[in-house]
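The values are calculated or read from the model by the stated rules, or taken from the named source; none is laboratory data. Please read all numbers here as calculations on a predicted model, not as lab measurements. Cβ coordinates were reconstructed from backbone atoms using ideal geometry, including for glycine residues, and neighbour counts include every protein chain displayed.
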Amino acid sequence: LDTLTSEHYQDVLSLGPVLTLVDPRKLEDPRVLKNVHFRDQVAAADILVANKTDLCSTRQLAAFDRWASELDPPKQHVFHTQQGQLAPAWLDGRADSRAVSTPHAHHHHSPREVAPAPDIQTKPWQRVSNQGQGHFSLGWRVHPDVVFDENRLMALAGDERIVRFKAVVNTPESWRVINVVDGALSVFDSEARDMSRIELISASELNADELDRAIRVAAGRSTQDE
């Protein structure tokens, strides 16, 4: 937003209201409310929209409305919707000048070198892990010639310990995007990529070796294959 409202763009861009969609059910998780990125997305919003209201209870919607009404500064509008449907009229008007909640949280005070990922041709099976903001992630980068069993990956994505599953993989039919969040599965075709990528996000640390074996089974590989 700072870039879009900078002097360079003032004569060519007019920034309308900033909308942020929130799943009211997520407000029940204290980690979400403490998450820096979530707080900043909310702080930057002129308009808050409660999404997926068809999946929320009356209590959850009331809690969202109460939380939204207590935000300072107040929002221009607060709306409810389902399936991400937005009314064009909500985009009328202009953005307010809003500061993020924690402006220094996104800056590294002591820059460090980040090693580049190994070349996928040299190391065709790569596993990475990370953690932050109360969540853990495991990711894989795999050579594009490796073909995955889509059904095995979707079965893995249904593991209740995994809160988010994202994959762009080569399958026997085509390259596919598999996305699971909050139990909702979406699968669609993709253009061929330079590698397959898989990421699992969980609320607690998972057994990386166990999941690596499951991913390898979906790829028809053994632990000795590299």
Counting only residues that are free of Cβ contacts under 8 Å to residues at least 24 places away in the same chain and acidic (Asp, Glu), how many does segment 132-170 have? 2
Top-ranked residue of segment 1-23 - restricted to ones that are at pLDDT below 85 and of a type in the set (A, V, I, L, M), ranked as nearest to GLN76 (Cα to Cα): LEU15
Of the listed residues (GLU173, GLU210, GLU191), the one being in contact with a helix residue (DSSP H, G or I) (Cβ under 9 Å, 6 or more places away or on another chain), of a type outside the set (A, V, I, L, M, F, W, C) and free of Cβ contacts under 8 Å to residues at least 24 places away in the same chain is GLU173
Among the numbered conditions (1) closer than 28 Å to PHE136 by Cβ; (2) in contact with a helix residue (DSSP H, G or I) (Cβ under 8 Å, 6 or more places away or on another chain), tell me where LEU61 comes up short. (1)
Can you pull out the helices (runs of 4 or more DSSP H) entirely within segment 24-86 that have at least 2 residues that are surrounded by 16 or more Cβ atoms within 10 Å (Cβ to Cβ), out of contact with any Lys or Arg (no Cβ under 8 Å at 6 or more places or on another chain) and at pLDDT below 90? 36-44
Of the residues LEU211, LEU200, LEU156, only one is at pLDDT 90 or above, more than 22 Å from ILE120 (Cα to Cα) and surrounded by 19 or more Cβ atoms within 10 Å (Cβ to Cβ); which? LEU156
